[in-house]
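What follows is one structure encoded as structure tokens, with my remarks underneath.
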Amino acid sequence: MRVLIVEDDDAVVGALSAVLLHHGYEIRVAGTAAEALAAVDDTLDVVLLDLGLPDRDGTHVCRRIRTATDAALLIVTARDDLRSRVHGLDLGADDYIVKPYDSRELLARLNAVVRRRTAGRALLPEPAPGAQQCRVKVDVGRREASVDGRSVRLTRLEFDILALLARSPGVVMRYEQIISELWGTSWRGAQRTLQVHIASVRGKLAPADTIETVRGIGYRLRAG
């Protein structure tokens, strides 16, 4: 598994490289936006991207990387506000990890992203026969979504979340079930990441109020 670490802090690079090499990953390192863009190619499996780069903001790099490669992209940054999280995910990042982090958490989330992408989420089940109709339409085969006839552009993970909810409109899907199906884990830390993705999907479906939070339980797609 080939990983590109985009990070200008040598201490962070050293610690992160040691962990990844110990777990069998092949490492490349870029300390600037220019180096990162030059290092991106079709052989990469994962990009770990810091947003605070010395020559250019990492959001620009995120956008360019997502258009240049289908590698898994994880933002690893000290920016912990909701706006930055949503913006990063909106640009196509598969996950968003806030510094300081535990190396075990980073590995778990990195492995979960890789599993999710390689599993082929296009194989998500179609909505169950007889399920209630709703304003949101999801075409799993084409990976297209629309609300009230308007096409909606979603990231890979956003589409997967919406497709899961669209299988049974009006039925509550528990947090644990969504996390298990999409992350392949029961790790509770993923719930915060799920909340950020849900917020992003809601924003893209607006003004339609289609995703309902059932406090303490999960989410459901409004029927009708």
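At a glance:
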read-out: Whole-percent carbon and sulfur share, accessible surface of the chain, 1.4 Å; value: 50
read-out: Residue-averaged [θ]222 nm for the chain, counting only DSSP H segments that reach four residues, each worth -39500 (n - 2.57); value: -12500 deg cm²/dmol
read-out: Model label zone, residue 78; criterion: amide N under 15 Å from point 7 Å along Cα-to-beta-carbon; scope region 1-41; value: 7-13
read-out: Residue among 44, 165, 87 farthest towards the positive dipole end of the chain, charges placed on Cβ; value: 165
read-out: Potential lengthening between residue 206 and residue 10 on full extension [0.36 nm per residue; Cα-Cα distance subtracted]; value: 66.3 nm
read-out: Per residue accessible area of the chain, 1.4 Å probe, in Å²; value: 48
read-out: Debye, to nearest 20: dipole size of the chain, +1 on Lys, Arg Cβ, -1 on Asp, Glu Cβ; value: 1020
read-out: Backbone HN-Hα couplings from phi across region 167-182 [Karplus 6.51/-1.76/1.60, Hz, Gly and Pro as x]; value: 4, 9, x, x, 9, 6, 9, 5, 3, 4, 5, 5, 5, 5, 6, 9
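The values are calculated or read from the model by the stated rules, or taken from the named source; none is laboratory data. These numbers were taken from a predicted model, which means no experiment stands behind them. Positions of Cβ are generated from backbone atoms using ideal geometry, with glycine treated the same way; all protein chains shown enter the neighbour counts. SASA here: full protein model, heavy atoms, side chains in, ligands and nucleic acids out. Shrake-Rupley method; radii C 1.70, N 1.55, O 1.52, S 1.80 Å.
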